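Report on the structure given below.
Coordinate-derived values only; no laboratory data. Please read all numbers here as calculations on a predicted model, not as lab measurements. Cβ atoms come from the backbone with ideal geometry, glycine included; neighbour counts cover every protein chain shown.
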């Protein structure tokens, strides 16, 4: 029973980070209609900068630098590549993000080399006792941090002019432009916010019990991508619920996969994609996604 409770607590914490990453996918998709496959580069670059700066100048400055790096890379992707690309189709721009991801991840990987850079953060390897359950303190900090960021975003999304502009442009970009919405500003801000959220998630994913930042960290973004698809690529709430569901599923699978014999070996690494496949068979638009309607 204790093992199950620990798996659930860790799963909710991991799911909150997946929700952050998935929310970044959804924000960019709602603003531009582009599937951003460069999200792994945002996560890796922001986390790498955080670890390097924190090692030399302390965690607070490292955190600020990492968040700025993630947001800046997101904004540059939109301003330099998306805006000036001759291919204006959503499919073409989505494919372009694949190339951006390869370039950025390759450059950061070159700088990391074969090292694993430890994440110098104030919580260290401390553990927290919650009744009979023992969990790493950083997991609870990650859960609290993700909850604050997500709550703040939802407040901005629902109560500010930028949030209104994002909702209007997601519904009908042409009408939004005619109403005076500056689509370029909405798009640039959305890409920056997506990069910032990826950097925050990467910080906690590279913290204890993880050994630190390595070249494979960018894969975490693609492990969270199914959460955005399952919830619906245009649904903010769907991204949150999808992330939590996948986090819990992955944690439970990792806890009990050893009891499944040869079938369970490494199952936690692919469970997100198995869930994605099952959901898409019955709900191609995700649980909360809007179906495209065309007049014929």
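So for 123, 191, fewest C-beta neighbours within 10 Å to most, what's the order? Ordered by Cβ neighbours within 10 Å, fewest first: 123, 191.
Quote the FRET efficiency, to the nearest 0.05, computed for residue 222 versus residue 260 with a Förster distance R0 of 22 Å and r equal to the Cβ-Cβ distance. Write out the running numbers ahead of the final one.
Details: r = 24 Å, r/R0 = 1.10.
So, using R0 = 22 Å, E works out to roughly 0.35.
Its DSSP H runs of at least 4 residues, each contributing -39,500 (n - 2.57), put the calculated 222 nm mean residue ellipticity of the chain at -23000 deg cm²/dmol, to the nearest 500.
For the chain, with a Gaussian network of springs between Cα atoms less than 10 Å apart, report the residue from 179, 197, 140 with the top mean-square fluctuation. Residue with maximal mean-square fluctuation among 179, 197, 140: 179. Looking at the range 29-100, the pairs of alpha carbons with a distance over 19 Å make up 39% of the total. Each residue, residue 154 and residue 126, gets one label point 7 Å from its Cα in the Cβ direction; the gap between the two is 2.8 nm. Taking every alpha-carbon pair under 8 Å whose residues sit at least 6 apart, the range 118-277 reaches a relative contact order of 17 percent. Over the range 43-93, Cα pairs under 8 Å with separation of 6+ residues give a relative contact order of 29 percent. To the nearest ten degrees, helix 137-159 and the longest principal axis of the Cα atoms of the chain are 20 degrees apart.
Say we join alpha carbon atoms closer than 10 Å with springs in a Gaussian network model of the chain; which of 245, 198, 147 then has the biggest fluctuation? Checking each option, the largest mean-square fluctuation is seen for 147. Each peptide in 68-76, 223-231, 162-170 gets a packing score, the mean of other Cβ atoms within 10 Å over its residues, and the list from highest to lowest is 223-231, 68-76, 162-170.
Here, P(r) means the percent of Cα pairs in each 10 Å bin from 0 to the largest distance; for the chain it is 7, 27, 35, 22, 7, 1, 0.
Rounded to the nearest 10 degrees, the angle from helix 2-32 to the longest Cα principal axis of the chain is 20 degrees.
No solvent, one uniform scatterer per C-alpha: report log10 I(q)/I(0) for the range 27-148 via the Debye equation at q = 0.18, 0.21 1/Å, two decimals. The computed values of log10 I(q)/I(0) come out as -1.01, -1.16. Here the residues 130, 246, ranked from fewest to most Cβ neighbours within 10 Å of their Cβ, fall in the order 130, 246.
Starting from the Cα-Cα distance between residue 4 and residue 144, subtract it from 0.36 nm times their residue separation and give me the gain in nm to one decimal.
Details: separation 140, 0.36 × 140 = 50.40 nm, distance 2.11 nm.
Roughly 48.3 nm would be gained on extension.
FRET efficiency for residue 57 and residue 162, Cβ-Cβ distance as r, R0 = 25 Å, nearest 0.05? Computed FRET efficiency for residue 57 and residue 162: 0.20. A Gaussian network model of the chain, with springs between Cα atoms under 10 Å, assigns the largest mean-square fluctuation among 247, 40, 58 to 58.
The distance between label points at residue 98 and residue 274 comes to 2.7 nm (points 7 Å beyond Cα on the Cα→Cβ vector).
For the range 1-128, the relative contact order works out to 30 percent when only alpha carbon pairs closer than 8 Å and six or more residues apart are counted. With respect to the chain, whose longest principal axis is taken over its alpha-carbon atoms, helix 59-76 is tilted by about 30°.
Given R₀ = 30 Å, FRET efficiency for residue 80-residue 174 by Cβ-Cβ distance, to 0.05?
Approximately 0.75, to the nearest 0.05.
Paramagnetic label reach from residue 137 (point 7 Å along Cα→Cβ; backbone nitrogen cut-off under 15 Å): within the range 1-40, no residues.
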